[in-house]
Every structure is written in C-alpha cells, then in structure tokens.
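Read-outs throughout are calculated quantities, based only on the coordinates presented, and are distinct from any laboratory measurement. This one's a predicted model, so the numbers in the text were calculated from it and none came from an experiment. Every residue, glycine as well, gets a Cβ built from its backbone with ideal geometry; the counts of neighbours run over all protein chains shown.
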Amino acid sequence: MATATEQWVLVEMVQALYEAPAYHLILEGILILWIIRLLFSKTYKLQERSDLTVKEKEELIEEWQPEPLVPPVPKDHPALNYNIVSGPPSHKTVREWKRIIILVTLIKGSSLASLKKYGVGLFNHLTFLTEIDVHLDLEERLAKFMKTEEAIIYSYGFATIASAIPAYSKRGDIVFVDRAACFAIQKGLQASRSDIKLFKHNDMADLERLLKEQEIEDQKNPRKARVTRRFIVVEGLYMNTGTICPLPELVKLKYKYKARIFLEESLSFGVLGEHGRGVTEHYGINIDDIDLISANMENALASIGGFCCGRSFVIDHQRLSGQGYCFSASLPPLLAAAAIEALNIMEENPGIFAVLKEKCGQIHKALQGISGLKVVGESLSPAFHLQLEESTGSREQDVRLLQEIVDQCMNRSIALTQARYLEKEEKCLPPPSIRVVVTVEQTEEELERAASTIKEVAQAVLL
Amino acid sequence: MNVGVAHSEVNPNTRVMNSRGIWLAYIILVGLLIPFFSIPVVWTLTNVIHNLATYVFLHTVKGTPFETPDQGKARLLTHWEQLDYGLQFTSSRKFLSISPIVYLLASFYTKYDAAHFLINTASLLSVLLPKLPQFHGVRVFGINKY
C-alpha cells in the first residue's frame with residue numbers, strides 16, 4: 001500500500017518535471033553554476049590589498065638596516081648612575097622612599113614568621129593555583145578596612161590599575177581621564193582600546209564640557225549610546241602633581257551624566273582621611289558612590305602589589321577578566337603578611353595620619369621661598385614636586401640642573417631623586433622636577449635640616 | 001578545536017563551524033526537518049524555517065556569548081562575519097552557502113508550483129545575499145548596527 005502511493009507520487013513528480021516552467025529551470029541552472037563557482041573560489045582576506053609590487057618589496061627588504069641591539073646611550077643616563085642602599089631601609093637612609101619603608105622594619109617580626117612558614121614565593125603562572133590563606137586574609141582585611149564588600153589583590157602595583165581598566169572598558173567605550181594621570185593608568189587605557197578623552201588637570205569645567213559634548217553625540221545616535229559605557233578615571237592624590245582630585249564635584253557629574261568613576265588611590269590610601277581610608281574619607285563621601293577604588297600597596301602598606309576594592313559585583317569580574325590577576329602568580333606570602341601587619345598598625349594608631357598631615361604642612365612651609373624652585377603640590381600631600389621656576393628652555397638642561405641639586409644634596413647626606421618618566425611614552429609629559437616624599441617617621445629636626453640643606457644647595461646651584 | 005579542549009583561540013566563535021563533526025550535525029539537523037510526507041507545502045515550510053533559523057543565528061545575533069581577550073573586537077559582528085576572522089570563501093563558509101541552494105534544488109518535490117517557487121526563492125535570497133563578501137559588515141538602513 002505504501003509503495004503504491006509512493007510510486008504514484010513519483011509518477012506525478014516526474015510529470016511535473018516535464019511541465020516545469022522555464023524560469024524555474026533557468027534559476028536552477030544559475031544556482032548550479034553558483035555552486036560550482038563557490039566550490040572553486042579561493043579563500044582570501046578582505047582588506048588584503050598590497051600596493052607594492054614584488055620588486056618594490058625586495059627593494060625595501062634590501063634597504064632595511066637593523067638597529068643596534070644596544071642603542072647609543074649618553075654617559076649621564078640615570079640608569080647608569082644609580083645609588084646603592086645598604087643596610088635595612090629606614091627613614092634615615094633612603095629619604096625619597098615612601099612613608100612606610102619604616103614599617104618594614106617594624107613588621108620584620110611577622111614577615112620572618114611567614115617566611116619560615118611559607119617560603120619566599122609561590123611560583124606558578126595562574127593566581128588561582130597560588131592563592132593561599134594569607135592572601136584571602138589580606139583581601140578580607142582590606143575590604144573591611146575600606147568598608148567595601150570585596151577586595152582583590154594583585155601581585156604588582158603597576159599592573160593593578162593597568163589590568164582593572166581594560167577589564168571593564170572595551171572597544172567602543174569612552175573614558176574621560178585627567179591629563180596628569182600616572183603612567184600605569186595610561187597603559188591601562190591603552191590596553192583597553194577605548195576612546196580616551198583627556199580633560200585638563202583637576203578642571204571640572206573642562207570635564208563637564210567633554211561630558212556635554214558626549215551627551216549631544218549620544219542624543220544623535222541613541223542606539224549607539226545604549227551600548228557605550230562611560231568611565232571617569234581619576235587619581236585621589238596625583239603622583240605627577242601632588243594635588244587632590246575634587247571628588248564631590250566628580251560624584252555630582254557622575255550622577256548627572258551617567259558615568260562610572262574609577263578612583264586610583266595609590267598615594268592617598270593610608271594618607272588622607274581620619275583613619276587613612278583615602279580621599280573618600282577625606283571628603284566624607286559615601287564609598288558606594290565610587291565604583292572601583294584601586295591602590296598600590298607599595299606606598300602606604302610597605303609591601304609589593306596592589307588591590308582593588310568595591311562592590312562584590314564589580315570586583316568578582318576581575319577574578320577572571322583582570323589579566324594581571326589571572327595570568328600572574330600571586331604575591332609572596334611574606335609580603336602579604338607584611339601588608340596585614342601594616343594594616344594592623346594603621347588600625348591601631350589612627351593618630352599617625354594627623355601627625356603626617358602636620359609634617360607635610362611643615363615641610364611645605366619650610367620649602368617655600370627658595371628662589372628658582374617652586375613647590376608643586378598641596379600642603380597636605382606627602383608627595384610633592386620641586387620644579388624649576390623658569391625652565392632654561394631645553395628639557396635636558398633642566399634635568400641636568402636638577403641632577404646637580406640632587407647630587408649636592410646627596411653629598412650632604414640628604415637623599416633626593418628626580419621624578420623619572422619614560423619621555424617618549426608619556427602622553428602629557430610633566431616638566432622635570434625633584435619629587436620629595438615625607439614619611440611619618442621623620443622627626444621635625446630632620447625635616448628642618450633637610451629643608452635648609454635643599455635651600456642652600458638650590459641657591460648655590462641656581463644662582 | 002573541540003568542546004572541552006584547552007585552546008588559545010582568541011575568539012572561539014570563529015572556529016565553531018570548523019569543529020570535528022559539525023557539518024554532519026548540521027546535515028542531520030536539517031534532515032530531521034525533512035518531511036515524511038512529500039507534500040509541497042511541508043517542503044516549502046521546511047525550507048523557509050531553515051533559512052529563517054540560519055538568518056537569525058548567522059546574520060542577526062551579534063558578538064559572543066563569552067568574554068574574549070581582544071577587548072570586544074567582535075562585539076558588532078555577526079557570527080557569519082566572525083567565521084575564520086573574516087577570511088572569505090573558507091570551507092565552512094562554502095558549506096554554509098551551498099546547503100540552502102542544494103535544498104532549493106531539490107524543489108523537485110514542490111511540483112514547480114509558482115507560488116512555492118516565489119516563497120522559496122525569496123527565502124533563499126535572504127540567506128544568500130548576506131553571505132556575499134560584498135556584504136561583509138554592511139548594515140542596511142542601519143538596522144542591527146549597534
């Protein structure tokens with residue numbers, strides 16, 4: 001029965017084939033030809049149009065001269081003349097290091113204990129395989145200290161913000177960043193492949209202008225605006241200028257123009273605020289208003305590495321997307337233990353922050369009025385710059401002058417350093433300067449002595 | 001690359017259609033739709049549904065369902081444009097272009113009815129045109145651009 005119906009249907013089909021309309025058969029013929037063309041077409045890349053002939057390519061290859069492996073370097077390159085620190089670091093030996101190298105000597109006890117327990121480092125290429133209780137402990141402590149939901153530890157301070165930014169901001173997103181942002185932020189922005197809009201340093205009017213322009217663009221193309229993410233990246237205390245960002249206005253702008261704020265608190269963590277919680281405490285802003293806080297542990301916590309803290313929703317994303325977290329071994333446990341110890345010290349004596357503020361004010365006042373050098377930075381910033389009041393015209397000349405001052409101060413046993421930049425790589429190269437950092441352990445007499453030495457040397461060199 | 005294999009592929013979407021056994025799976029999936037009754041309507045319906053499904057999955061849905069380490073290069077690209085990183089006329093692209101045509105050629109079963117012909121051809125065109133290299137990245141009337 002089934003075969004009979006099938007055969008009947010087949011006969012009908014064959015009959016229909018004989019009566020097929022011409023256009024249909026023509027189309028089928030065209031399609032068969034199309035199939036044959038497809039089968040025989042070669043694979044090619046879409047934009048592969050090289051405008052050079054083979055001969056031209058050969059010529060170019062012959063002309064090419066390799067650059068020397070070691071480029072010629074002037075003799076006074078800073079990398080060739082460096083100072084050596086011998087002995088345990090303390091505020092007496094290395095003046096330019098940050099506030100709590102001191103704390104390393106105080107933390108020696110607990111560091112030694114964890115060195116005996118865990119060894120020096122955990123070598124592996126993924127953090128998941130090397131994170132142990134010390135790191136988790138440090139993350140919890142940091143989250144509790146900063147009063148956020150979660151924190152994540154990176155093993156290298158530079159990589160912290162340089163991995164945090166590209167984890168959230170991708171191609172097609174827009175980032176508004178300050179011109180004086182530090183090099184780590186610049187590298188993070190470069191890695192993120194987003195559109196970068198620079199605004200003048202600490203100039204909220206300029207930022208608002210850029211945000212307004214962006215808003216007009218968004219209204220022209222609402223579909224595109226719906227898939228674009230907007231970020232504002234600022235530092236709490238700028239490394240390059242020693243100034244504090246105006247956070248209250250930033251938060252207002254954030255809510256008005258719907259952007260997210262990433263705050264980089266490397267210098268302000270453990271310095272500003274009543275308990276050292278950074279610029280949010282300094283201004284009394286709710287920490288939930290800031291979407292991500294990222295900081296170096298290399299400044300205030302006398303350890304290596306960095307951390308990011310914020311809401312769990314935000315920080316958890318970095319556990320798989322933060323390239324510096326995922327694809328790098330974790331912090332050596334003794335450094336994590338040192339950081340925990342430093343946190344303990346910060347929590348137990350909250351009075352040190354007020355002392356630091358006083359000392360900063362003192363040294364600022366003492367260094368004013370040097371003819372030829374001007375102090376760049378706020379009076380409550382422990383890191384500030386001494387720049388030449390009038391530049392000689394060429395950067396090398398300025399650098400050499402400042403180096404003279406530094407060398408002479410070194411001879412009088414005050415260690416200073418110039419702020420170093422990768423001149424070709426920085427987006428907005430700051431003028432050459434001597435960076436001075438104050439720590440809480442220096443006594444007032446020492447500060448006075450240092451200030452007067454710098455004054456004398458500067459007057460001798462610059463006049 | 002196969003499922004569950006460790007790979008260093010930046011965007012696995014580009015290699016999905018090159019995986020072992022996926023062409024066979026595709027053929028079987030379409031074959032499951034082949035009507036058991038040789039009625040022209042069902043045949044046209046299958047053709048249209050298959051073409052609609054390929055249009056949606058290959059030419060409408062953009063980006064990747066997972067995060068890629070290239071900072072979102074393929075966020076605005078459809079799966080067809082992502083195949084083999086934009087290399088044209090690779091074997092999986094040829095396979096996917098030829099299969100709807102083969103299907104239409106078997107319209108022997110529709111008894112060459114004019115209405116069926118129109119519907120089938122229109123549906124075939126809607127699937128063939130976006131596959132041309134000239135249409136790579138083209139968004140007509142700004143539809144589906146962002």
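For this structure, a couple of remarks:
- Only Cα pairs under 8 Å and 6+ residues apart enter the sum, and on that basis the relative contact order of segment A:109-348 stands at 32 percent.
- Isotropically averaged projected area of segment A:246-322, using the convex hull of Cα atoms (one quarter of hull area), nm²: 5.4 nm²
- Rounded to the nearest 10 degrees, the angle from helix A:351-367 to the longest Cα principal axis of chain A is 70 degrees.
- With N counted as the residues of segment A:351-462, its alpha-carbon radius of gyration over 2.2 N^0.38 Å works out to 1.07.
- Checking the Cα-Cα distances for A:Lys144/A:Lys254; A:Lys55/A:Lys170; A:Lys187/A:Lys224; A:Lys144/A:Lys200 against a 31 Å cut-off, the pairs over it are A:Lys55/A:Lys170; A:Lys144/A:Lys200.
- Binning the alpha carbon pair distances of chain A at 10 angstrom intervals from zero yields the distribution 4, 16, 23, 21, 14, 7, 5, 4, 3, 2, 1, 0, expressed in whole percent.
- In order along segment A:170-176, the phi-based Karplus estimate (6.51 cos²θ - 1.76 cosθ + 1.60, θ = phi - 60°) of 3J(HN,Hα) comes to 10, 4, x, 8, 10, 10, 9 Hz; Gly and Pro are listed as x.
- This ranking places A:Cys308, A:Cys182, A:Cys360 by how few other beta-carbon atoms lie within 10 Å of each, fewest first, which gives A:Cys182, A:Cys360, A:Cys308.
- Highest-first packing order for the peptide set A:228-236, A:446-454, A:64-72, A:290-298 is A:290-298, A:228-236, A:446-454, A:64-72, based on the mean count of other beta carbon atoms within 10 Å.
- Degrees between helix A:133-146 axis and first principal axis of chain A (Cα, 0 to 90, nearest 10): 80 degrees
- For A:Glu150, distant residues with modelled amide H under 5 Å away: A:Gly310, A:Ser312
- Shielding score for B:131-137, defined as the mean number of other chain Cβ atoms within 10 Å: 1
- Among the trypsin sites (Lys or Arg not before Pro) in segment B:1-107, those placed in a DSSP loop whose Cβ has at most 10 other Cβ atoms within 10 Å are B:Arg20.
- Net charge of the neighbourhood of B:Trp23, taken over other residues with C-beta under 13 Å away and scored Lys/Arg +1, Asp/Glu -1, is +3.
- Straight-distance crosslink candidates among aspartates and glutamates, where the alpha carbon sits under 18 Å from B:Lys131 and sequence neighbours closer than 8 are dropped: B:Glu81, B:Asp84
- Per-residue average of Cβ from other chains inside 10 Å of A:69-77: 0
- Taken residue by residue and averaged, Cβ atoms of other chains lying within 10 Å of the Cβ of B:77-89 number 2.
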